[in-house]
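Working notes for the structure below.
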Amino acid sequence: MKNRISLLTFLIILFSCEKAEIDINNLNNNTISIFGHGGMGIGESYPVNSFESIMKCLNTGADGSEIDVQMTRDSVLVAYHADFLEDATNLKGSIIDKSWSEISQGQYSDPIYTGYKLISLDELFSNIPHLNNYTFTLDCHMNNANNDLAKYYRSFASAIDKISDKYNLKGNLFIESHQADFLSIMQNNKRDYRIFIIKSPFELGFEIATKMNLYGITIPSENITAEQVQQAHMHNLFVTVWNTRSKKENREAIEKNPDHIQTDKVEYLIKILAN
């Protein structure tokens, strides 16, 4: 019994020391914003980017959520990650080749996810209570097969503007993409979006972000060091990290002092960063 008490005392002290060592120093008022990765993240009870996953993320206490976004042939924005519908749903083809009416009843096909449907951003935002209390990162997937990319980028940007205006979300949206040309169009719209380049290695993302005067860089946590985060901060660039799928990876991400973490372990990250 005495040994059990001693062990318990040791663990309590150890955990308290670990919490005390979290000393955050960043551009985000020395706090780390917690964003779910497509909601609650990969491997959780709901499919990523589903309404249910995003709502659970927000209700759990996250500051917002990253959402993977694609555009249909008729310019409807859909929350979906994979390149092809058959990768995760009971439909086939690419979202860009379909109208929204053709895919609006599509459902996720993984056996454990039966019954969860694809959702448009319009549907999603219309059903989130207190919508403007949250920040949403739109990870814009450019999956257009034709050659007129400039027209496609403008249509995608216009669709975001339309949703933003409808729900008064200009100050609540982070826009991120691998495509600098698309981000330039978003930037020229002169909205109050915070725009991030998704790019690795860090040096390349840093070069693009500084040259374009973007808001920040989004990068896998394992591809950036604490020193590089500090370098970005010295140039007034915010840093979002992702690919934190375990408790260990979340702790390692925190130690680098990013401004935002897109996590697959929402509940754990909320717990460890709680005051």
Here the residues within region 198-230 that are buried (at least 16 other Cβ atoms within 10 Å of the Cβ) and closer than 15 Å to residue 26 by Cβ are 215, 216, 217, 218, 219, 221, 224, 228, 229
Reported set for region 46-99 where residues are surrounded by fewer than 22 Cβ atoms within 10 Å (Cβ to Cβ), of a type in the set (S, T, N, Q) and in a helix (DSSP H, G or I) is 59, 60
- Message: Going residue by residue through region 110-117, is there one that turns out to be within 27 Å of residue 241 (Cβ to Cβ), outside any loop (DSSP other than H, G, I, E, B), in contact with a strand residue (DSSP E or B) (Cβ under 6 Å, 6 or more places away or on another chain) and in contact (Cβ under 8 Å) with a residue 40 or more places away in the chain?
- Response: no
Expected single match for of a type in the set (Gly, Ala, Ser) and either farther than 15 Å from residue 33 by Cα or within 16 Å of the chain's Cα centre (by Cα) (or both) among 253, 274 is 253
### Any hit, region 188-205, residues being in contact with a Leu (Cβ under 8 Å, 6 or more places away or on another chain) and polar (S, T, N, Q)
no
Within region 177-204, the residues that are touching a Phe, Trp or Tyr at 6+ places or on another chain (Cβ under 9 Å) and assigned to a helix (DSSP H, G or I) are 181, 182, 183, 184, 185, 186, 187
Filter pass, residue 229 being assigned to a helix (DSSP H, G or I) and touching a Lys or Arg at 6+ places or on another chain (Cβ under 9 Å): yes
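Laboratory data are not the source of any read-out in this text; all were calculated from the coordinates shown. In this text, all values refer to a predicted model and were calculated from it rather than measured experimentally. Don't worry about glycine lacking a Cβ; one is built from the backbone with ideal geometry, like all the others, and counts go over all protein chains shown.
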